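Visitor: Take this structure, written in structure tokens, and hold onto it; I'll ask about it next.
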Amino acid sequence: MWQPEPGWHPLPGGTGTSTLGVWRTVIGHQPVVVKRLAAPGEDDPAELSDPRHFAYWRRAADVATTCLVDRTPGLRAPVTAVEEDGEGITLTQEWVEDAASSGLFGANALGRFAGVDLGGVRWLARDQLRDRMRRVEHRGGWRTLSRTTVADVADHLWGRRTALLDELDGLAQVAQHGDPVPANLPGRVGDDVVAIDWGMLGHGPVGADLGYFMLSAREAFEPLLEAYLMGLPAGVATREEVAQGARVTAVLTALNHAEWALARVAGGEGALAGKFRHPAVAPHLRALQRQLPQVEALMQGRG
């Protein structure tokens, strides 16, 4: 059975359905990050073996072995070695130093990357937000949010979710990183961002990557939108199309995150409102609060 080496330093947030863990270590004199992916078993969800699903277990390894995004404009991947065995895959990636770039730089890089032609690779993710909404639907929707002050908003947008997703399908489908939180965009080489965690690489509606990014970026929506548009190649989409792609993605994702966080603590003692400051809940509620202007736009049917 595969085991991490003694002395490897575990990094936070390194576990998931397929990820056994992430560690920092040194090989020779080179600092590296080691990620271990577990091959799905018979009892694991079928989506882990679906090459088009965002949760496809080996996409990060395929990205590395094909060098698909090693030289792409906007975002590029660090050097990564891949070792596969009968139990899974080990990724050894060069350590990426944090360049402390602004959110505007990251948004511009996402716009430039949206113009990349990734070709017809069969294992690229598709319909990421729709599949995420299906997961929430399987768990019963935004049931915990129905017990909060945003109940009416959540109920309205939940009822419109299919129409909103269909609207995203009608936008230009572009290259997207898939999980472009600022922590996954740490490095910088010239005008490009060195990005990590490419396990959700694929195609999605223009502006969707921006929508995910702005949930945890410090800057406001309008400056981020302008930076993305400055990077987006001419003729791909209009300003309002990009804004709507980002808006729908950000709002539905923020509601999903808030529901997930609240549902985890809702079963404990005490009123639900008393748990809004819980450290596992508060960041998601603040992210949702920051999107209130975009929520209002969707409630009014703008875009």
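Visitor: Considering the options 65, 32, 234, tell which one lies farthest towards the positive end of the dipole of the chain, charges being +1 on Lys and Arg and -1 on Asp and Glu at the Cβ, about the Cα centre.
Guide: Projecting each Cα onto the dipole axis, the largest value belongs to 234.
Visitor: Further, regarding this structure: Which value, in debye to the nearest 20, gives the size of the charge dipole of the chain about its Cα centre, when Lys and Arg are +1 and Asp and Glu are -1 at the Cβ?
Guide: The dipole magnitude comes to about 780 debye.
Visitor: When the expected Rg is taken as 2.2 N^0.38 Å, what fraction or multiple of it is the alpha-carbon Rg of the chain?
Guide: 1.01
Visitor: Please report the spacing between the Cα centers of region 161-216 and region 46-61 in Å, no decimals.
Guide: So the two Cα centres are separated by 17 Å.
Visitor: When only Cα pairs under 8 Å and 6 or more residues apart are kept, what is the percent relative contact order across the chain?
Guide: It rounds to 18 percent for the chain.
Visitor: Sorted from largest to smallest, which semi-axis lengths in Å does the alpha carbon gyration tensor of region 186-303 give for its equivalent ellipsoid, taking the root of 5 times each eigenvalue?
Guide: For region 186-303, the semi-axes come out at 30, 18, 12 Å.
Visitor: Which order do 228, 212, 56 fall in if you start with the one that has the fewest other Cβ atoms within 10 Å?
Guide: Listing 228, 212, 56 from fewest to most nearby Cβ atoms yields 56, 212, 228.
Visitor: Stretch residue 101-residue 143 to full length: gain in nm at 0.36 nm per residue minus the Cα-Cα span?
Guide: Extra length from residue 101 to residue 143 when fully extended: 11.3 nm.
Visitor: Taking a ≥ b ≥ c as the square roots of the Cα gyration tensor eigenvalues, with a/c under 1.5 meaning rounded and otherwise prolate when a/b beats b/c, else oblate, which class fits region 9-94?
Guide: In terms of gyration-tensor shape, oblate.
Visitor: Also, I was wondering about something else. Sort 59-68, 277-286, 17-26 by the packing proxy (mean of other Cβ within 10 Å over each peptide's residues), most packed first.
Guide: Sorting 59-68, 277-286, 17-26 by mean packing, highest first, produces 59-68, 17-26, 277-286.
Read-outs throughout are calculated quantities, based only on the coordinates presented, and are distinct from any laboratory measurement. Nothing here was measured: the structure is a model prediction, and the numbers come from that model. Note that we place each Cβ from the backbone using ideal geometry, even for glycine, and neighbour counts take in every protein chain shown.
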